[in-house]
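Participant: Below you will find the structure I want to go over with you.
The values are calculated or read from the model by the stated rules, or taken from the named source; none is laboratory data. All values derive from a computational prediction rather than experimental measurement. No Cβ is skipped: glycine too gets one built from the backbone with ideal geometry, and neighbour counts run over all protein chains shown. Side chains are part of the model used for accessible areas, which takes the heavy atoms of the whole protein and leaves out ligands, DNA and RNA. Shrake-Rupley method; radii C 1.70, N 1.55, O 1.52, S 1.80 Å.
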Amino acid sequence: MTGEHSPTSTSGDLNLKAPLLPLHGSTQPSQSTPFTLKSILTLKNFYVILGPLLSIIISLFVKLDAPASSQKMLAVIAWVFCWWVTAAVPLPVTSMCPLFLFPLFGIASADSVAHSYMDDVITLVLGSFILALAVERYNVHRRLALKVTSVFCGEPLNPRLLLLGLCATTFFVSMWMHNVAAAVMMMPVATGILQRLPPAQEQSEVVNKFSRAVVLTVVYATPIGGISTLTGTGVNLILVGMWKSLVPGAKPISFNTWFFFGFPVAILFLFCYWCIVCFLYVRKDSARALSSYLNKAYLKRDLDALGPMSFAEKMVLSVFGLLIILWMTRRITDDIPGWGSLFHGLVGDGSVSVMAAVLLFIIPNRKQEGEKLMDWNECKKLPWNLILLLGAGFALADGVQSSGLADVLSRALDFLEDAPYLAIAPAVSLMSSIITEFITSNDATATLVIPLLYHIARTMHVHPLLLMVPGAVATEFAFLLPTSTPSNVVGFATGHIEIQDMLKIGVPLKLAGIAVLSILMPTLGTLVFGINDDVQWMPKINSSWLPN
């Protein structure tokens, strides 16, 4: 410390009396509020107590036909989700609770739970956000936002058409990229559009609703786009891998095969979302309220004012393009392993993301001598609250698996064996979407549910894909909570939407997705996957995927 806050220090001496943290302005003695019973008996304090109380009740009175650790895990989930939903304490603070709850309840060691807070997906988020900060630093997102807005806003302004354009853009990006990366890339485009609107506290109700709709569009168009291609999400690859393992004699699901089914499903699902968000958030008079901020002539003038792209902008886009190509080609299908096979599968998406982020600290920006595209001061804006939220989600997912609670969930699905197919397809989709929403991650849910659905299909004497595909795709329908998927957290972290908004859109969207799967799987899916062909899919198979 240089002692700039002390009159006795000099620039060359170390002042040991200087404060560790800088002081801004004069300090005033704090005044404590009077201690009253009313200050204790508040709804906020009730929510704080409710989390541990639910945990104690489950630990004492709920009995599961499973190891004791599964009961303890259920108690921890009740505590954490209670605080998440009620916001009894800040969400990032709640997200740190598994770090002490898991060891105290005997679920996992402190070291093992801490590992969940830094894995390949989290490094993917870190690298992606550093790249997003570079995009913002050079206003690349502003240029893209102005371009998208000017192309799709219409003349005169059509807010519904603008949302459709943002839907389509996010959908296309998510087809080829990891959902987290797609959300991270497109969210600055959404916030760039919102920067043209007044601050939230000065917005009318019409403008405020449209602002929420813009962010929600990126949040929900991201997982919908991932459904359309085999590499769009890990769930699709898990399904294909398990199908090949369970039924080696059956026709494999290729990239093109999945696309001919997944793309129509995703397009119809996206159209359902667009109708829902326009119905709930875009009023008839919104065009008039927004026209003064999103006028096409003004947008074109602002786009021209940015001038030609600078070297720094081109290099940031080049690094981003390189990252997309590496993501898309690291692992394509089992038959086309991609460049990742050269490294024996040791390289993950997070590795590539961090490598691209490091390039930003090496490539010069040609604006000032020695200055690079990024510097660490810019990275101080990284959303560590998001990292904690993701870490908590992964810790809970690992705890569900290791504690035996996953087996309890599997047994809860056994009742589906006696149900008719027309009832079981929606039931399977609903169950998968609920498990992935509240209990565990998309990939973990797919890994848990798909083998069980194969077993149920054999019992019902129906083609396994009629259950496995809806059950797998429905794990992407995690639309209700900000912590359900990383893309939800990315949207929630902007501060423009609340949990109520996600519930308002998420419930009808989840039902629409289940309806789309229930209709298209026995019709289009039967044709695309050759379900009516004479395929030997029922032989007795001993597989590690299949539950005993």
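Participant: Would you pick out the residues in segment 454-478 that are aliphatic (A, V, I, L, M) and closer than 23 Å to LEU396 by Cβ?
Facilitator: Selection gives ALA472, VAL473, ALA474, ALA478.
Participant: Let me ask something additional. Scan segment 123-136 and give yes if some residue there is part of a helix (DSSP H, G or I), modelled with pLDDT of 90 or more, over 26 Å from ILE224 (Cα atoms) and of a type outside the set (S, T, N, Q), otherwise no.
Facilitator: no
Participant: Separate question: Just the residues that are more than 29 Å from GLN71 (Cα to Cα), open to solvent by 30 Å² or more (accessible area, probe 1.4 Å) and among the aromatic types (Phe, Trp, Tyr), please, taken from segment 93-139.
Facilitator: PHE129
Participant: Let me confirm something: among THR222, THR217, THR191, THR229, which residue is in a loop (DSSP other than H, G, I, E, B) and among the polar types (S, T, N, Q)?
Facilitator: Only one candidate passes the filter, namely THR229.
Participant: Do you know which residues across segment 242-266 are crowded, with 20+ Cβ neighbours inside 10 Å and assigned to a helix (DSSP H, G or I)?
Facilitator: Listed by number, the residues that qualify are MET242, TRP243, LEU246, TRP258, PHE261, GLY262, VAL265, ALA266.
Participant: Follow-up question, since we're still on this one. Of ALA266, ALA250, ALA181, which residue is of a type in the set (Gly, Ala, Ser) and farther than 23 Å from LEU524 by Cβ?
Facilitator: On the way: ALA266 fails: farther than 23 Å from LEU524 by Cβ; ALA250 fails: farther than 23 Å from LEU524 by Cβ.
After applying the criteria, what remains is ALA181.
Participant: Could I ask something else about it? Please work out if PHE172 is of a type outside the set (S, T, N, Q), over 21 Å from the mean Cα position of the chain (by Cα) and open to solvent by 10 Å² or more (accessible area, probe 1.4 Å).
Facilitator: For PHE172, the condition - of a type outside the set (S, T, N, Q), over 21 Å from the mean Cα position of the chain (by Cα) and open to solvent by 10 Å² or more (accessible area, probe 1.4 Å) - is not met.
Participant: Take the residues of segment 282-301 that are out of contact with any Ser or Thr (no Cβ under 7 Å at 6 or more places or on another chain) and either part of a loop (DSSP other than H, G, I, E, B) or at pLDDT 90 or above (or both): which is surrounded by the most Cβ atoms within 10 Å (Cβ to Cβ)?
Facilitator: VAL282
Participant: For segment 64-90, name all the residues that are within 21 Å of the chain's Cα centre (by Cα) and crowded, with 21+ Cβ neighbours inside 10 Å.
Facilitator: If we filter segment 64-90 for residues that are within 21 Å of the chain's Cα centre (by Cα), which is where we start, we get 77, 80-87, 90.
Selection gives ILE77, VAL80, TRP83, TRP84.
Participant: When residues of segment 68-92 are filtered for being under 14 Å from ILE499 (Cβ atoms) and out of contact with any Lys or Arg (no Cβ under 8 Å at 6 or more places or on another chain), how many remain? Walk me through how you get there before you give the answer.
Facilitator: The first filter runs over segment 68-92 and keeps only residues under 14 Å from ILE499 (Cβ atoms), leaving 81-88, 90-91.
From what's left, out of contact with any Lys or Arg (no Cβ under 8 Å at 6 or more places or on another chain): 81-87, 90-91.
Of the residues in that region, 9 qualify.
Participant: Across segment 357-371, what is the total count of residues that are at pLDDT below 90 and not small (Gly, Ala, Ser)?
Facilitator: The qualifying residues number 6.
Participant: Before we move on, is SER204 in contact with a helix residue (DSSP H, G or I) (Cβ under 9 Å, 6 or more places away or on another chain) and open to solvent by 10 Å² or more (accessible area, probe 1.4 Å)?
Facilitator: yes
Participant: Looking at segment 121-129, can you tell me whether even one residue there is touching a helix residue (DSSP H, G or I) at 6+ places or on another chain (Cβ under 9 Å), among the aromatic types (Phe, Trp, Tyr) and within 22 Å of PRO486 (Cα to Cα)?
Facilitator: Checked segment 121-129: at least one residue is touching a helix residue (DSSP H, G or I) at 6+ places or on another chain (Cβ under 9 Å), among the aromatic types (Phe, Trp, Tyr) and within 22 Å of PRO486 (Cα to Cα).
Participant: Let me ask something additional. If only one of LEU23, LEU53 is more than 27 Å from PHE105 (Cα to Cα) and either at pLDDT 85 or above or of a type in the set (A, V, I, L, M) (or both), which one is it?
Facilitator: LEU23
Participant: Looking only at segment 328-358, how many residues end up being within 19 Å of ALA181 (Cβ to Cβ) and either in contact (Cβ under 8 Å) with a residue 60 or more places away in the chain or buried (at least 18 other Cβ atoms within 10 Å of the Cβ) (or both)?
Facilitator: Start the filter on segment 328-358 by keeping residues that are within 19 Å of ALA181 (Cβ to Cβ), which leaves 328-332, 338-340, 347-358.
Then keep just the ones that are either in contact (Cβ under 8 Å) with a residue 60 or more places away in the chain or buried (at least 18 other Cβ atoms within 10 Å of the Cβ) (or both); that gives 328, 330-332, 340, 347-357.
Summing the residues that are within 19 Å of ALA181 (Cβ to Cβ) and either in contact (Cβ under 8 Å) with a residue 60 or more places away in the chain or buried (at least 18 other Cβ atoms within 10 Å of the Cβ) (or both) in segment 328-358 gives 16.
Participant: Which one of the conditions (1) open to solvent by less than 40 Å² (accessible area, probe 1.4 Å); (2) more than 22 Å from LEU396 (Cα to Cα); (3) assigned to a loop (DSSP other than H, G, I, E, B) does LEU481 fail to meet, given that it meets all the rest?
Facilitator: (2)
Participant: Only residues in segment 77-88 that are outside any helix (DSSP H, G or I) count as the first member; pair them with residues that are of a type in the set (Phe, Trp, Tyr), Cβ under 6 angstrom, at least 6 apart or cross-chain, and list the lot.
Facilitator: Between residues of segment 77-88 that are outside any helix (DSSP H, G or I) and residues that are of a type in the set (Phe, Trp, Tyr), the close pairs are ALA88/TYR47.
Participant: Same structure again: Determine whether segment 449-466 contains at least one residue that is assigned to a helix (DSSP H, G or I), charged (D, E, K, R) and either open to solvent by less than 10 Å² (accessible area, probe 1.4 Å) or modelled with pLDDT under 80 (or both).
Facilitator: First, pick out the residues of segment 449-466 that are assigned to a helix (DSSP H, G or I): 449-460, 465-466.
Right, trim to charged (D, E, K, R) and you get 458.
Applying the additional criterion that residues be either open to solvent by less than 10 Å² (accessible area, probe 1.4 Å) or modelled with pLDDT under 80 (or both) yields 458.
The answer is yes, given that some residue of segment 449-466 is assigned to a helix (DSSP H, G or I), charged (D, E, K, R) and either open to solvent by less than 10 Å² (accessible area, probe 1.4 Å) or modelled with pLDDT under 80 (or both).
Participant: As an exercise: evaluate PRO199 against (1) open to solvent by 10 Å² or more (accessible area, probe 1.4 Å); (2) touching a residue at least 24 places away in the same chain (Cβ under 8 Å); (3) farther than 14 Å from ALA289 by Cα and give the number of the one condition it does not meet.
Facilitator: Here PRO199 clears every test but (2).
Participant: Quickly run through segment 515-534 and pick out the residues that are open to solvent by less than 30 Å² (accessible area, probe 1.4 Å) and assigned to a loop (DSSP other than H, G, I, E, B).
Facilitator: If the condition is that a residue be open to solvent by less than 30 Å² (accessible area, probe 1.4 Å) and assigned to a loop (DSSP other than H, G, I, E, B), then PHE529, GLY530, ILE531 are the ones that fit.
Participant: If you don't mind, another one. Within segment 150-172, does at least one residue satisfy the condition of being more than 26 Å from LYS284 (Cα to Cα) and part of a helix (DSSP H, G or I)? Talk me through it step by step, then tell me what you get.
Facilitator: If we filter segment 150-172 for residues that are more than 26 Å from LYS284 (Cα to Cα), which is where we start, we get 172.
From the residues that got through so far, the ones that are part of a helix (DSSP H, G or I) too are 172.
Yes - at least one qualifying residue is present in segment 150-172.
Participant: What's the total number of residues in segment 414-440 that are within 16 Å of the chain's Cα centre (by Cα), at pLDDT below 75 and surrounded by fewer than 20 Cβ atoms within 10 Å (Cβ to Cβ)?
Facilitator: 1
Participant: Please verify whether segment 497-514 includes one or more residues that are within 30 Å of LYS209 (Cβ to Cβ), modelled with pLDDT of 80 or more, part of a loop (DSSP other than H, G, I, E, B) and open to solvent by 30 Å² or more (accessible area, probe 1.4 Å). Working first, answer last.
Facilitator: Quick first cut of segment 497-514, residues within 30 Å of LYS209 (Cβ to Cβ) only: 497-514.
Within this subset, residues satisfying the condition of being modelled with pLDDT of 80 or more are 497-514.
From the residues that got through so far, the ones that are part of a loop (DSSP other than H, G, I, E, B) too are 497-498.
Going one step further and asking which of them are open to solvent by 30 Å² or more (accessible area, probe 1.4 Å), we end up with 498.
Within segment 497-514, one or more residues are within 30 Å of LYS209 (Cβ to Cβ), modelled with pLDDT of 80 or more, part of a loop (DSSP other than H, G, I, E, B) and open to solvent by 30 Å² or more (accessible area, probe 1.4 Å).
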